[in-house]
1. Which of the following residues is open to solvent by less than 40 Å² (accessible area, probe 1.4 Å) and assigned to a helix (DSSP H, G or I): Tyr90, Tyr102?
2. For Arg65, state whether it is more than 20 Å from Ile214 (Cα to Cα), open to solvent by 80 Å² or more (accessible area, probe 1.4 Å), free of Cβ contacts under 8 Å to residues at least 12 places away in the same chain and under 19 Å from the mean Cα position of the chain (by Cα).
3. For region 112-156, how many residues are within 30 Å of Asp34 (Cα to Cα), touching a residue at least 40 places away in the same chain (Cβ under 8 Å) and among the charged types (D, E, K, R)?
4. Inspect all residues belonging to region 201-214 and state whether any of them is touching an Asp or Glu at 6+ places or on another chain (Cβ under 7 Å), at pLDDT 95 or above and among the hydrophobic types (A, V, I, L, M, F, W, C).
5. Regarding Thr151, is this residue under 18 Å from the mean Cα position of the chain (by Cα), in a helix (DSSP H, G or I) and either buried (at least 16 other Cβ atoms within 10 Å of the Cβ) or aromatic (Phe, Trp, Tyr) (or both)?
6. Any residue in region 165-177 that is assigned to a loop (DSSP other than H, G, I, E, B) and among the charged types (D, E, K, R)?
7. From the list Arg122, Arg149, Arg131, Arg93, which one is at pLDDT below 95 and in contact with a helix residue (DSSP H, G or I) (Cβ under 8 Å, 6 or more places away or on another chain)?
8. Anything in region 172-205 that is surrounded by 16 or more Cβ atoms within 10 Å (Cβ to Cβ) and over 22 Å from the mean Cα position of the chain (by Cα)? List them, or say none.
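The values are calculated or read from the model by the stated rules, or taken from the named source; none is laboratory data. Predicted, not measured: the structure shown is a model, and the values here were computed from it. Using ideal geometry, Cβ is built from the backbone for each residue, glycine included, and neighbour counts are taken over all protein chains shown. In case anyone asks, the SASA skips ligands and DNA or RNA and just uses the protein heavy atoms, side chains included. Shrake-Rupley method; radii C 1.70, N 1.55, O 1.52, S 1.80 Å.
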Amino acid sequence: LLLAAVLAGCAASVVYPRLDSIVGLYLRNLVSLDDRQEAQLARTLEHNLEWHRADELARYEAFLREMAARVAQGVTQQSLESAARRAENYWRRIFEQAAPGYTELAATLTAAQVTELLENLRRADEKTWQRHTGRTAEERVRDREQSVRKTIERITGPLDARQRALVAEYARDARPFMFEWRENRRRWREELAATLQIRGGPREPFAARMRVLIAEPDRLW
């Protein structure tokens, strides 16, 4: 739901046309590419953004108009859960569409590039973990409350005192998941490493495993 709402917000006019550049920068910070790979990545990113403009934005518009009508009538837990499932499907479609292009790029990586990629992913995950463990329990609750409140207020505007109290209660009672996150990230990196080992073999098994890594990572939890 947040994905669709953010795309409708004022920041979208600045960020959205540059999404290919933003994603490209993120990938280039993970692995050094040669000129041929850079050109291949640029084509893939441009294709992804053009597909999204042509095929997805109209879906988001209809979805947001429908949600606006529901909000006007009064939302229920069931209607919000239904909207969340639809938004999740929109999110998954983005990665399903992008998977073939990233798979083609991954097939061209050298052994040195694979090593660099896996090490940078490990370092990024460890940095996130260290940032988490470096905080006290009280600081984590405060950070969670601020993050949730900021996310909601981007869409709704300022919350009143009663609503802020509900957010604080949620932040205090929510079960931490960072241990599961860390283990999941380790497992994902291991599967990526194993998949990249077969990048020079038959395309179909490699592409199938890459699709799971890119578009259905929840299957690895």
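1. The match here is Tyr90.
2. The answer is no for Arg65.
3. 3
4. Yes, region 201-214 contains at least one residue that is touching an Asp or Glu at 6+ places or on another chain (Cβ under 7 Å), at pLDDT 95 or above and among the hydrophobic types (A, V, I, L, M, F, W, C).
5. no
6. There is at least one residue in region 165-177 that is assigned to a loop (DSSP other than H, G, I, E, B) and among the charged types (D, E, K, R).
7. When all the criteria are applied, what remains is Arg93.
8. Arg199
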